[in-house]
1. Residues that are at negative phi and away from ligand 2 (no atom under 16 Å from the Cβ): find the strands (runs of 3 or more DSSP E) completely inside segment 137-224 holding 2 or more of those.
2. Please work out which residue is surrounded by the fewest Cβ atoms within 10 Å (Cβ to Cβ), limiting yourself to segment 96-132 and to residues that are closer than 30 Å to P188 by Cβ and in contact (Cβ under 8 Å) with a residue 24 or more places away in the chain.
3. Just a yes or no: is a residue in segment 288-303 within 28 Å of the chain's Cα centre (by Cα), basic (K, R) and more than 15 Å from ligand 1 (Cβ to nearest atom)?
4. Which residue pairs have Cβ atoms closer than 7 Å, lie 6 or more positions apart in sequence or on different chains, and pair a first residue in segment 176-191 that is free of Cβ contacts under 8 Å to residues at least 24 places away in the same chain with a second residue that is more than 8 Å from ligand 1 (Cβ to nearest atom) and part of a loop (DSSP other than H, G, I, E, B)?
5. Could you tell me which residue of segment 252-276 is farthest from G7 (Cα to Cα), considering only residues that are outside any loop (DSSP other than H, G, I, E, B) and over 29 Å from the mean Cα position of the chain (by Cα)?
6. In segment 49-95, which residue that is touching a helix residue (DSSP H, G or I) at 6+ places or on another chain (Cβ under 7 Å) and among the polar types (S, T, N, Q) is surrounded by the most Cβ atoms within 10 Å (Cβ to Cβ)?
7. Please specify each residue of segment 301-333 satisfying the condition of being β-branched (V, I, T) and either surrounded by fewer than 19 Cβ atoms within 10 Å (Cβ to Cβ) or over 23 Å from L186 (Cα atoms) (or both).
Amino acid sequence: MLDETLGGLRVIKAFNAEKLLQNKFSKTNNELYTIRNAMQYRRDLASPLSEFLGVVVLCGILWFGGKLVLAGNAAGLEPEGFIMYVGIFTQIINPAKSLSTSFYNIQKGSAAISRIEEILQAPVKVDPNESGLTLSSFNDCIEFKNVSFMYEHKLILNNINFKILKGKSIALVGSSGAGKSTLADLIPRFHDVSEGELLIDGVNIKEYSLHSVRSKMGIVTQEPILFNDTISNNIALGVENASIVQIENAAKVANAHNFIRQKERSYQTNVGDRGSKLSGGERQRLTIARAVLKNPPILILDEATSSLDTESERLVQDAINNMMQNRTSIVIAHRLSTIRHADEIIVLQKGEIAERGTHDELLSKGGIYKRLVDMQEVR
Ligand SMILES: Nc1ncnc2c1ncn2[C@@H]1O[C@H](COP(=O)(O)OP(=O)(O)OP(=O)(O)O)[C@@H](O)[C@H]1O
Ligand SMILES: [Mg+2]
């Protein structure tokens, strides 16, 4: 909750929601306080209570036993024996007390264990298949064969069939929520298909080791994800021993070099939490540079240039087009001008393929795609 609140501080202030969140925080805090208090109360009570009871019982024995022994009424029990008996009895009180403490600890431990078990026993949704085949090189095609996908019980993708040949680029377009990002997420196996098969070079993707599959892909996600670190470390994420020259070249390709140079400490500038010290377009260019540096055979670009102005977009798009040559790419874009040169355009609608073809084919067909293009044309 803290993390979310601090991260969304700007929105909270803008919507005058400080009070609301303060109350929410107080409530959670109070709950924690009550639970802890009740726990400590019982725990701290255990020690004086057991001592008190011990003393009471001891007093009782001393009084009653003493009376019997002194009056000579205790059949067969001599005073020496009685004293020894009392001595041994007092020795037992302490171990008995620690028994109650350990009972408390056992309870605490078992509560903790059940929470840890919940995590350890969670079903593995995507099996990394470490002993599987190694995808050493991508040679032929990625194929979606009757692929369906559900989140929980909601069908998001329905019976998708298409092939992406090596070196070709496929564009996914469609309205918001149509399932484009979900479809792209299936390729690096962020989710596994619910039905059907996803094949790389004719082999089911699940048979390859997850690591080798992901090592062949570069992804620019819809939301730029940066870490609180320097610009150069953010670009070099996942690429070991990247030289500064390589990093700079990647930044140049992504049209980021110029703005980085103007920063106070250039490539060593810290980007702040989640990249908060950069503008939206700057963040996006860093994530593109990251994909460029990784230099993967398969590229997935989810709205990679959506935060850029038209001029930068054109520059970055040129760079991306260069990068896409001899590479297989899956591009998602709302701005249709950026994908008109794709080898195939797939129009998704409510999780199904509504239309497919090249830009010209779809235009002459006069369907959904044409309507989208017409709407975007600025006159
Ligand atoms: N983690 C999730 N759990 C349940 N449903 C989800 C989840 N993520 C997305 N969805 C739903 O799946 C559908 C498709 O989402 P997806 O992100 O693929 O859309 P999209 O086509 O990429 O849209 P956009 O253009 O807005 O990015 C949406 O209806 C969304 O609400
Ligand atoms: Mg999306």
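1. 141-151, 154-165, 195-200, 217-220
2. My answer is S131.
3. Yes, segment 288-303 contains at least one residue that is within 28 Å of the chain's Cα centre (by Cα), basic (K, R) and more than 15 Å from ligand 1 (Cβ to nearest atom).
4. What qualifies is D185/H191.
5. Residues of segment 252-276 outside any loop (DSSP other than H, G, I, E, B): 252-253, 257-261, 266-268, 270, 273-275.
Pick out the ones that are also over 29 Å from the mean Cα position of the chain (by Cα) and you get 252, 257-259, 261, 266.
Numbers: K252: 31, H257: 28, N258: 29, F259: 25, R261: 28, S266: 26 Å.
The residue in question is K252.
6. Residues of segment 49-95 touching a helix residue (DSSP H, G or I) at 6+ places or on another chain (Cβ under 7 Å): 50, 54, 58, 61-62, 65, 69, 74, 77, 79, 82, 86, 89-90, 93.
Among the residues that remain, those that are also among the polar types (S, T, N, Q) are: 50, 90.
Details: S50: 18, T90: 12.
Only one residue tops the list, namely S50.
7. T310, V316
Residues are listed down the side, and each one gets a yes or a no for (1) in contact (Cβ under 8 Å) with a residue 40 or more places away in the chain; (2) buried (at least 19 other Cβ atoms within 10 Å of the Cβ); (3) of a type in the set (K, R):
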{"site": "V271", "(1), (2), (3)": "yes, yes, no"}
{"site": "L286", "(1), (2), (3)": "yes, yes, no"}
{"site": "R335", "(1), (2), (3)": "yes, no, yes"}
{"site": "K370", "(1), (2), (3)": "no, no, yes"}
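The values are calculated or read from the model by the stated rules, or taken from the named source; none is laboratory data. Only a predicted model underlies this, so the values are computations on that prediction, with no experimental measurement involved. For neighbour counting, all protein chains shown are included, and Cβ atoms are generated from backbone atoms with ideal geometry for every residue, glycine included.
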